[in-house]
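Okay, so here's the structure we're looking at.
The values are calculated or read from the model by the stated rules, or taken from the named source; none is laboratory data. Since the structure is predicted, the reported quantities are computational estimates derived from the model, not experimental observations. Note that we place each Cβ from the backbone using ideal geometry, even for glycine, and neighbour counts take in every protein chain shown.
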Amino acid sequence: MRWIIVDIYQGINNFYSGWIWWNLFLAFIPMLLSFRLFRRKAMPPFWFALACFGTALIGIVGLESRLPRLKRFAFGVVRGIQTADPSTLLQLLWLAGVMVIALGVSVWLFKQSHTRKLWLWWIGLVTFIAFLPNAPYVLTDILHLIRGTSAGTIKIWVVAFIFIPLHMAAIIVGFEAYVVSLLNVNFYLQQKGLQALTWPVEISIHALCAFGVYLGRFIRLNSWDIVVDPTSVLATTLNTLTSKRPVAVIFFSFVLLTVLYWVMKQVTLGLKLRIHYARTGQNALN
């Protein structure tokens, strides 16, 4: 029994760095936002608060793997300030401007109670769209499994019975967060009498997320770069859209997202219907 624990422990130390938890944390953010924006009554306040607490715990656990990157960013900013680097100073000025505008808008919203909820909804919608690509991004995390296990330093049985099930479960759960988010969008459109927009909205979101996944996986951009460094995001976007190879990769990602979403959507709705049958005492086989 001891050698089993030792093999698992060594495998985790050689390979696992906490990125699973961090990526799941980012995938759950848009799903939680979707419940608040599009389907508020579907999740009671207590369960929503509990889900937020659980997501925060996942983020805290996963943050450890991101600390070296945060330290490098902080050291880079400090060096930029010390050397009076124009790009760093401009970036700090931009962030200060964003914070002042956000503070001013917040104060104005709370003074204007009749428009507060509407503006907060739109701010939430923008945040939802910015973070949504993080959910299907977990599909690309299979690369971590390939890189981590291809060196041959981890026992085969640990890879087969521990890492592969663990990573597949994380990928499925993360992508399910994407499916649930879009189902909540669909519910909102139906409630507003906009059923005809369901398919165009889904396709548009798939295309947007495919582009976001490319920027995240290959260019290594993050959702918050839109605020932190918008000029680089804009330049990268224009360069990507005018290059043939990135467009081909994005198109392939779009097709993959569309197909997998359709499959998982049917599974999710089927499970929901099965639960409904069980609660009402109906036989699902009839």
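Taking only pairs six or more apart or across chains, which ones have beta-carbon atoms under 6 Å, a first residue in segment 175-188 that is farther than 11 Å from M264 by Cα, and a second residue that is buried (at least 21 other Cβ atoms within 10 Å of the Cβ) and of a type outside the set (D, E)?
Going by the 6 Å Cβ cut-off, the qualifying pairs are S181/P30; S181/M31; S181/S34; N184/S34; N184/F38; V185/F38; Y188/F38.
Consider segment 21-53. How many of its residues are over 15 Å from V185 (Cα atoms) and at pLDDT below 90?
Within segment 21-53, residues that are over 15 Å from V185 (Cα atoms) and at pLDDT below 90 number 13.
Would a scan of segment 225-241 turn up a residue that is at pLDDT 80 or above and of a type outside the set (A, V, I, L, M)?
So the first thing to find is which residues in segment 225-241 are at pLDDT 80 or above, and the list is none.
There is no residue in segment 225-241 that is at pLDDT 80 or above and of a type outside the set (A, V, I, L, M).
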